[in-house]
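Trainee: To start, I am sharing the structure in question, which I have written as structure tokens.
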């Protein structure tokens, strides 16, 4: 109810400001909710018939086949920390925020849908009753960006910029090429959202490959805020202008995480994406050069 009231307020404010009704902060959100609801229904009504391990350092990950359905099932590791958290709830929360951010920038397919699921019987290394992250599987033809040498060149500039914004605003610390999937048409998918918003318990510190100079990085100037495409610019501007409390409702984040989101949006508006990214990566100190 609170989120519905807030979105209605955004609608009114956008209209008063002269922008067409329907501000950037609730663009595409209904589609995200519908997609996740459909994924949840498919998982609940499915009976696994085949399972294949996919590895993963920070989360046990398997591919599950159930009739005509195919899922990726993950169980992120839990780390204790005085003020931060890294567990299934944090990973799902980040994934949802990234889904919504991608949809707002008109790149709905960038972040796969995901929901919390329950294992109904002993499955691979998961015990009966375990709570897991159920992710919508991308096409089997997709390859990670380090392998898809030709395909990654087809990723459009708008998609690269949207990905850079998502990784920057969520402080994605593990966007190495293995965590980017690409198909032959140049459609990219961002996977494994575990190490975000300063999540503890990991030594991962990779500069996102979607940042300028990366394997799939944007190539446009981005020296000024006005260099961003209009739809992406509207999203950044609305995040920068919104109150932290409002952002927690829009993205489903904790206040601490929403503050990070807003901070990077404000800085991007002030000095442009390229300089804001340089400033951010410099603050991280030494990071892995892995592609």
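Trainee: For segment 108-127, enumerate the residues that are without any contact (Cβ under 8 Å) to a residue 60 or more places away in the chain and in contact with a strand residue (DSSP E or B) (Cβ under 9 Å, 6 or more places away or on another chain).
Mentor: 116, 118, 119
Trainee: Sticking with this structure for a sec: Is it fair to say residue 152 is part of a helix (DSSP H, G or I) and more than 18 Å from residue 229 (Cβ to Cβ)?
Mentor: Spelling it out, residue 152 is indeed part of a helix (DSSP H, G or I) and more than 18 Å from residue 229 (Cβ to Cβ).
Trainee: Looking at residue 206, is it in contact with a strand residue (DSSP E or B) (Cβ under 6 Å, 6 or more places away or on another chain), crowded, with 16+ Cβ neighbours inside 10 Å and farther than 21 Å from residue 27 by Cβ?
Mentor: It is true that residue 206 is in contact with a strand residue (DSSP E or B) (Cβ under 6 Å, 6 or more places away or on another chain), crowded, with 16+ Cβ neighbours inside 10 Å and farther than 21 Å from residue 27 by Cβ.
Trainee: Could I ask something else about it? Taking segment 11-21 as the search range and keeping residues that are under 15 Å from residue 104 (Cβ atoms) and either part of a loop (DSSP other than H, G, I, E, B) or touching a strand residue (DSSP E or B) at 6+ places or on another chain (Cβ under 7 Å) (or both), which one is modelled with the highest pLDDT?
Mentor: For segment 11-21, the residue satisfying everything is 19.
Trainee: Between 197, 168, 211, 218, which is part of a helix (DSSP H, G or I) and touching a helix residue (DSSP H, G or I) at 6+ places or on another chain (Cβ under 7 Å)? Working first, answer last.
Mentor: On the way: 197 fails: part of a helix (DSSP H, G or I); 211 fails: part of a helix (DSSP H, G or I); 218 fails: part of a helix (DSSP H, G or I).
Result: 168 is the single residue among 197, 168, 211, 218 that is part of a helix (DSSP H, G or I) and touching a helix residue (DSSP H, G or I) at 6+ places or on another chain (Cβ under 7 Å).
Trainee: Let me ask something else. Report yes if residue 61 is closer than 24 Å to residue 195 by Cβ, at pLDDT below 95 and either in contact with a helix residue (DSSP H, G or I) (Cβ under 6 Å, 6 or more places away or on another chain) or in a strand (DSSP E or B) (or both), otherwise no.
Mentor: yes
Trainee: Then there's this: If you go through segment 29-47, how many residues are in a loop (DSSP other than H, G, I, E, B) and buried (at least 19 other Cβ atoms within 10 Å of the Cβ)?
Mentor: 1
Trainee: OK, next. Are any residues in segment 170-203 at pLDDT below 90, within 20 Å of residue 263 (Cα to Cα) and surrounded by 24 or more Cβ atoms within 10 Å (Cβ to Cβ), and if so, which ones?
Mentor: Passing the criteria: 193, 195, 196, 197, 199.
Trainee: Does residue 91 meet the test of being at pLDDT below 95, surrounded by 17 or more Cβ atoms within 10 Å (Cβ to Cβ), in a helix (DSSP H, G or I) and in contact with a strand residue (DSSP E or B) (Cβ under 7 Å, 6 or more places away or on another chain)?
Mentor: When the stated conditions are applied, residue 91 passes them.
Trainee: Pairs, please: C-beta under 8 Å, at least 6 apart or cross-chain, first residue without any contact (Cβ under 8 Å) to a residue 60 or more places away in the chain and in segment 236-247, second assigned to a helix (DSSP H, G or I) and surrounded by fewer than 23 Cβ atoms within 10 Å (Cβ to Cβ)?
Mentor: Pairs that qualify, where the first residue is without any contact (Cβ under 8 Å) to a residue 60 or more places away in the chain and the partner is assigned to a helix (DSSP H, G or I) and surrounded by fewer than 23 Cβ atoms within 10 Å (Cβ to Cβ), are 240/262; 240/266; 240/269; 244/255; 244/259; 244/262; 245/255; 247/262.
Trainee: What pairs come out if I take residues in segment 22-34 that are at positive phi and modelled with pLDDT under 95 and pair them with residues that are assigned to a helix (DSSP H, G or I) and surrounded by 17 or more Cβ atoms within 10 Å (Cβ to Cβ) whose C-beta lies under 7 Å away, six or more apart or interchain?
Mentor: Listed by first residue and then by second, the contacts come to 22/14.
Trainee: Hey, can you tell me all the residues within segment 248-270 that are free of Cβ contacts under 8 Å to residues at least 12 places away in the same chain and either in a loop (DSSP other than H, G, I, E, B) or over 16 Å from the mean Cα position of the chain (by Cα) (or both)?
Mentor: 255, 263
Trainee: Okay, moving on. Pick from segment 134-163 the residues that are in contact with a helix residue (DSSP H, G or I) (Cβ under 7 Å, 6 or more places away or on another chain) and under 25 Å from residue 197 (Cβ atoms): which of them is surrounded by the most Cβ atoms within 10 Å (Cβ to Cβ)?
Mentor: 162
Trainee: Restricting attention to segment 271-286, which residues are closer than 19 Å to residue 227 by Cα, free of Cβ contacts under 8 Å to residues at least 60 places away in the same chain and either touching a strand residue (DSSP E or B) at 6+ places or on another chain (Cβ under 7 Å) or part of a helix (DSSP H, G or I) (or both)?
Mentor: Within segment 271-286, 271, 275, 278, 279 meet the criteria.
Trainee: Do we find a residue being crowded, with 20+ Cβ neighbours inside 10 Å, assigned to a helix (DSSP H, G or I), in contact with a helix residue (DSSP H, G or I) (Cβ under 9 Å, 6 or more places away or on another chain) and modelled with pLDDT of 95 or more anywhere in segment 221-232?
Mentor: Yes: one or more hits.
The values are calculated or read from the model by the stated rules, or taken from the named source; none is laboratory data. All of these numbers come straight from a predicted model, not from anything done at the bench. All Cβ positions, glycine included, derive from the backbone under ideal geometry; neighbour counts span all protein chains shown.
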